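The values are calculated or read from the model by the stated rules, or taken from the named source; none is laboratory data. The model shown is predicted, which means the values in this text are computed figures rather than measured ones. As a convention, Cβ positions derive from the backbone with ideal geometry for all residues, glycine included, and neighbour counts pool all protein chains shown. Accessible surface is based on the protein model in full, side chains and every heavy atom, while ligands, DNA and RNA are left aside. Shrake-Rupley method; radii C 1.70, N 1.55, O 1.52, S 1.80 Å.
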Amino acid sequence: MAEAELTGFANMPILEVTTRSGDRCSVEAAEGATLKQALMDGGVSEILALTSCGGYCSCGTCHVFVDEMSFSRLPPVKADEDALLDFHDSRTPFSRLSCQVKITKELHGMHVTIAPVL
Amino acid sequence: MIDPELRKQVPAHVRDDQIVMYDYVSDPRIAKVGDVQLGMHLLHEEAPDVFYSPCNGGFWVVTRLDIMSKILPDTDHFSNKELVIPRIVSDAVMIPLNLDPPEHLQYRMVLMRHFDPKSIRAMEPFIRAWANKLIDKVIAQGHCEFAEEIGAAFPVSVFMELMGYPLDQFEEFRRIVHAFFAPETTPEERVKVQTKILETVAVYFDERRKEPRDDLVSKLLQEKVWDRPLTTDELNSIGFLLFLAGLDTVANTLSFTFNYLAQDQKMQERLGAHPEIIPSFVEEALRRFSIVQQPRLVKADVEINGAQMKAGEMVVCSLPLAGMDDHRNPMPEVFDVDRKDRAHLAFSVGPHTCVGNQLARLEMRILTEEWVRRIPHFWRKAGTEPERRIGGVAALSKLFLEWPKPN
Ligand code: HEM
Ligand code: FES
């Protein structure tokens, strides 16, 4: 069977996710969606904080760690996102706000770890 | 048919079927139903999801949660520069509320650094102490007027301690806040009160500049935007906004909530037996009793659900209508702590999402915990009915509660 059929709809990128409690799962992500949206659609509801700004780079609650390889494929962190990431003691060089990351084909296989709550 | 006189007051690009009378400050629907949020909810039946009201100088109204969730964050088409209905062209700026991107976030961050979950969690002990101090004052008498004695007094006390304002000024502060928001206050008086608030704010920034302490006023003095310290004007503007944003809102949400709780003995018992559900209780209260009607200024022409909004017009996202939206919350009139998939916009959404939302939630949780622990059974005094009013922030006052006097 062709790989396209195995991976389902039109080659949706698949992400490997580790939740806060350490559980692992795969999430099919729609291209063009934000990573945060993809995680929520994929059932990783813990990414949605009660106090979320709704995905507008204004609260910092959607913090995730991305694997090093994938990180290098992402567009750079903008100033606003950088400032919000600074709130997090847990920030690493591979931290992103998931509402600021757009899903593209190249991200297939990306590993995403949900960061601890603030 | 639409009254031709009325039609004349409405801009030509508004269709007849989009015109519905809705008064932003005193809509008759509220009095008719005797419930602010239920009264507004009538609009879900009577009006299109986006309509134009010719009242208060004319403004668009959005009644559905999903449409508000598009408008509130959309800073390309909607501005926060003017947030008063009827529109007043004014250059007064409350930081960060009245700022649009890109400046907005730098200033917002100044506050976020002190209202983050960690800082808020650290406030829990002193907030709990305040809840108890205020309950101590009324518990023995077996009755109180909740809106003033608890609802207003509680957030004012917490705010003063947080800012580092001297607590012997409490009565003065409460008087100022009350005067600013009371409906009988005339615009001239309000300007005077506003000056008074700004003076008060300025005095303490001055004092702490000379002698810093461990309080928010001193910390704000240390804050920077674009690597420079805040100017005196910027500081005063932030101080002023905190005064207005963090006191009346909490007070009124509490009053609406306790007005309901006083009339639901079963819920009182449940909260007493299961205090662990209080966080859900608070969320349901925020949904069922949202109070803010959030305006935006249209800054670029845009079509929303068939409505042609033109630059310079005002649009109101009536946040109580988001909580009461039956498309999103089935049977919205029912207060249901166990509601699945609850949605509300009590704190708005997008870049201006309330900075104080965790503090507000914590204050509500703690007051509810301490109240039901110490006054597990209470009711509204027979023959009394609270007063309700709407506007930018809906209010409930004259809430007389009674409970058995402790022996
Ligand atoms: C239940 C209580 C409260 C409610 C319902 C409430 C509601 C709101 C709403 C709806 C907004 C958004 C305005 C917009 O979209 O333009 C807002 C903004 C804001 N609130 Fe609250 N608020 C509450 C408590 C507080 C508290 C306790 C504080 C702080 C002491 C606070 C500080 C602020 C600030 C600083 C902003 C401006 C944020 C910005 O422009 O980025 N609020 N609030
Ligand atoms: S959801 Fe608020 S910053 Fe991402």
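Can you tell me which of B:Asp49, B:Asp76, B:Asp66, B:Asp3 is modelled with pLDDT under 95 and open to solvent by 40 Å² or more (accessible area, probe 1.4 Å)? Just one listed residue meets the conditions, B:Asp3. Taken over region B:166-183, the criterion of being open to solvent by 80 Å² or more (accessible area, probe 1.4 Å) and either acidic (Asp, Glu) or not in a helix (DSSP H, G or I) (or both) is satisfied by B:Asp168, B:Glu171, B:Pro183. Residue count for region B:222-247, restricted to those that are crowded, with 17+ Cβ neighbours inside 10 Å and either in a helix (DSSP H, G or I) or without any contact (Cβ under 8 Å) to a residue 60 or more places away in the chain (or both): 13. In region A:44-62, which residues are touching a strand residue (DSSP E or B) at 6+ places or on another chain (Cβ under 7 Å), more than 11 Å from A:Cys99 (Cβ to Cβ) and either within 16 Å of ligand 1 (Cβ to nearest atom) or part of a loop (DSSP other than H, G, I, E, B) (or both)? A:Val44 - this is the single residue of region A:44-62 that is touching a strand residue (DSSP E or B) at 6+ places or on another chain (Cβ under 7 Å), more than 11 Å from A:Cys99 (Cβ to Cβ) and either within 16 Å of ligand 1 (Cβ to nearest atom) or part of a loop (DSSP other than H, G, I, E, B) (or both).
Give the residue that is nearest to B:Met109 (Cα to Cα), with candidates limited to residues of region A:24-63 that are crowded, with 23+ Cβ neighbours inside 10 Å and more than 9 Å from ligand 2 (Cβ to nearest atom). This residue is A:Leu35.
Scanning region B:113-132 for residues that are within 14 Å of chain A (Cβ to nearest Cβ) and either open to solvent by 20 Å² or more (accessible area, probe 1.4 Å) or touching a Lys or Arg at 6+ places or on another chain (Cβ under 8 Å) (or both) yields B:Arg113, B:His114, B:Asp116, B:Pro117, B:Lys118, B:Ser119, B:Arg121, B:Ala122.
Taking first residues from region A:30-55 that are free of Cβ contacts under 8 Å to residues at least 60 places away in the same chain and partners that are within 9 Å of ligand 2 (Cβ to nearest atom) and among the aliphatic types (A, V, I, L, M), the Cβ contacts under 8 Å between residues at least 6 apart in sequence or on separate chains come to A:Met40/A:Ile47; A:Met40/A:Leu48.
Scanning region B:1-33 for residues that are without any contact (Cβ under 8 Å) to a residue 60 or more places away in the chain, outside any helix (DSSP H, G or I) and under 29 Å from B:Ala346 (Cβ atoms) returns B:Ile19, B:Val20, B:Met21, B:Tyr22, B:Asp23.
Among the residues making up region A:78-114, those that are within 14 Å of another protein chain (Cβ to nearest Cβ), part of a loop (DSSP other than H, G, I, E, B) and either small (Gly, Ala, Ser) or open to solvent by 40 Å² or more (accessible area, probe 1.4 Å) (or both) are A:Lys78, A:Asp86, A:Asp89, A:Ser90, A:Arg91.
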